[in-house]
Amino acid sequence: MADFADELTAMHENLEGTAAFKHIEGAICMKGTIDNLGRILWEAETCYPPGDGAVLQFEFNSDQSYLTSSIRQLHTILSSFPVIEEL
């Protein structure tokens, strides 16, 4: 999750690039790609039970105005549940 927060921060600062989050067991995967107008296409997939369960794929759009609060919320989560060791 720390990498995802860093990628979102870079996306916000540069208004380019992608940010991806992948749950360690593959239950949730999400990738956002920003275009030159600040629009973000989010592509997501959930799987339950993880590994071989039912899969739901979806996408939605947002814009860069949501990045500030998303980054702040991720840092709040990371301060409560810090990354102790990289796998």
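Some points to look at:
- Residue that is nearest to A19 (Cα to Cα), among those in the stretch 36-87 that are under 16 Å from the mean Cα position of the chain (by Cα) and charged (D, E, K, R): E43
- Enumeration of residues in the stretch 1-29 that are in a strand (DSSP E or B), touching a helix residue (DSSP H, G or I) at 6+ places or on another chain (Cβ under 9 Å), surrounded by fewer than 17 Cβ atoms within 10 Å (Cβ to Cβ) and touching a residue at least 12 places away in the same chain (Cβ under 8 Å): T18, A20
- With respect to the conditions (1) in contact with a Leu (Cβ under 8 Å, 6 or more places away or on another chain); (2) under 15 Å from M1 (Cα atoms); (3) modelled with pLDDT under 95, E86 lacks only one, and its number is (1).
- Per this entry, T33 is not counted among residues that are crowded, with 17+ Cβ neighbours inside 10 Å, among the polar types (S, T, N, Q) and in a strand (DSSP E or B).
- Look at (1) assigned to a strand (DSSP E or B); (2) closer than 30 Å to I84 by Cα; (3) in contact with a Gly (Cβ under 8 Å, 6 or more places away or on another chain) and you find that L41 fails only one, number (2).
The values are calculated or read from the model by the stated rules, or taken from the named source; none is laboratory data. Being a predicted model, the structure only gives us computed values, none of them experimental. Reconstructed Cβ throughout: ideal geometry from the backbone, glycine too, with neighbour counts over all protein chains shown.
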